[in-house]
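Student: Before we start, here is the structure in question, set down as C-alpha cells.
FYI, it's all coordinate maths here, none of it is from the lab. Quick caveat: nothing in here was measured; it's all calculated off a predicted structure. Glycine also receives a Cβ, built like all others from the backbone with ideal geometry; neighbour counts cover every protein chain displayed.
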Amino acid sequence: MHPTRISVHVIISSGSSEVVCAPLMPGVRCFRVMEIKNDEGRVLFACDGELRNASLDDIDLSGANLEGANLEGIIWMGVNLHSAHLKGADLYWAVLFESDLSGADLEGAQLQGADLKDVNFQGADLRNANLGRDNLGGSTQLQGANLTGAQTLGANFDGAEYDERTQFPRSFDPQKHGMLMRKSA
C-alpha cells in the first residue's frame, strides 16, 4: 500500500504564488484560500479565509509534500503526518500536540517555540532542524515526545523542554544538547 500524496494549494488574494498556510489562531481573519487535496484531486480540507473556526485536527496528511511550507503558528493536534515531507518547513510556534510525525523528513525545519508534546517522531529525520528557543526566549515543548530512532545530527535543541516520559534516540544526552528537564504535573 502506497501513502496517499497530498498537495497544499494556497491562494493569496494579492496574487502571490508563495505557498503558505496562515496561522490558525482564534480571532484571526486573513484573506487567503487554502485547499488540501489528495493526488486524485479530492479536497480533504478547504478554508475560504475565515480561519477562526478552521480545524485540521486529526486529519490524515501521511506522505504529504509540504517541503518548505510556511506553517508558522498552525494548530494541528492529532494530525497524521507519518512520512510527510517537511524539509525546510517553517513550523515556528506550531501546535502539533499528539501528532504522528514518525518517519517524517524535517531536515532543516524551523520548530522554535513549537508545542510538540506527546508527538511521535520515531524514525524522523531532524538533521539540522531548529528546536531551540523562539525569538522571545520561549522553549520548544517536547514533554512526552518519542524521538526513538530519530536522526538528530546538527539539530538545535538548546532550551527545549522534556520530561521523564520523553524518549530519545540511543546515546542521545538531552543535557549535552542544552535541553531542560521539566517534571510532569
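Student: For region 95-143, what is the per residue volume of the convex hull drawn over the alpha-carbon atoms, in cubic angstrom?
Tutor: Considering the Cα atoms of region 95-143, their hull volume per residue is 61 Å³.
Student: If you don't mind, another one. Can you give the net charge of the other residues whose Cβ lies under 11 Å from the Cβ of Asp58, counting K and R as +1 and D and E as -1?
Tutor: My count for the surroundings of Asp58 gives -4.
Student: Pop a pseudo-label 7 angstrom from the Cα along the beta-carbon direction at both Arg42 and Met77 and give the gap in nm to one decimal.
Tutor: 2.7 nm
Student: Could you tell me what fraction of 2.2 N^0.38 Å the Cα radius of gyration of region 66-167 comes to, as a two-decimal ratio?
Tutor: Its radius of gyration relative to the 2.2 N^0.38 Å reference: 0.90.
Student: Treat each spin label as a single point 7 Å out from the Cα along the C-beta direction, and report the Lys183 to Leu153 distance in nm.
Tutor: Distance between the two pseudo-spin positions: 3.9 nm.
Student: Determine, from the Cβ-Cβ distance of Asp60 and Arg165 and an R0 of 22 Å, the FRET efficiency 1/(1 + (r/R0)^6), rounded to the nearest 0.05. Please list the in-between numbers first.
Tutor: Numbers: r = 25 Å, r/R0 = 1.15.
It comes to 0.30.
Student: Next question, about the same structure. What is the local net charge at Ala145, summed over the other residues whose Cβ is closer than 11 Å to its Cβ (Lys, Arg +1; Asp, Glu -1)?
Tutor: -3
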